[in-house]
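Inspection log for the structure reproduced underneath, given as structure tokens.
Where a number appears in this text, it was derived from the coordinates with a stated rule and is not lab data. Just so it is clear, the model here is predicted, and its values are computed rather than measured. Backbone-built Cβ (ideal geometry, glycine too); neighbour counts: all protein chains shown.
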Amino acid sequence: MTGEASTCISSASFGGPSTPASTGRFPMINLHAWQEAAGRLHAISLVDYPLPPRPDETIDTLCGQRITLTRADFRVFPEYQPHKTTCWSCDGEWRRLEGLPPHPALTGSTS
Ligand SMILES: [Zn+2]
């Protein structure tokens, strides 16, 4: 028998590094939005809330809180209370969901 040894198909590096999570499903469209709630700046999913929430509406924030909005959370009302602090749990969740790098203020790297 003079059979030739079948050559293995060498799978060379194929395609390079894996691309990050699916992009382009909603190109150039934000998936989340900031919403002032309970004195802080929380983030909500635009999939769950395609329309801006209104006072007395209950929202589920990215950080897992369920907050009922008040007129103090909307700058269009005289009861509006400015100077909100950012909810970093929402910020981190937002970045995780959208594949963004962590906020520089959270990494604490001093390099
Ligand atoms: Zn939050």
*For His103 paired with Trp88, estimate the spin-label separation in nm (one decimal), with each label point 7 Å from Cα along the Cα-to-Cβ line.*
0.7 nm
*Work out how much length Thr58 to Ala33 would gain on full extension: take 0.36 nm times their residue separation and subtract the Cα-Cα distance, in nm to one decimal.*
7.5 nm
*Under 5 Å between amide H atoms, partner at least 5 residues away or on a different chain: which partners does Leu46 have, H built in plane at 1.01 Å?*
His32, Ala33
_Per-residue HN-Hα couplings for the range 98-103 [Karplus 6.51, -1.76, 1.60; θ = phi - 60°; Hz; x = Gly/Pro]_ = 9, x, 8, x, x, 5
*For the range 32-99, what log10 I(q)/I(0) values come out of the Debye formula at q = 0.11, 0.15, 0.28 1/Å, with one point per alpha carbon and no solvent?*
-0.23, -0.42, -1.32
*³J(HN,Hα), Karplus 6.51/-1.76/1.60, whole Hz, each residue of the range 36-43, x for Gly, Pro*: 6, 7, 6, x, 10, 9, 9, 10
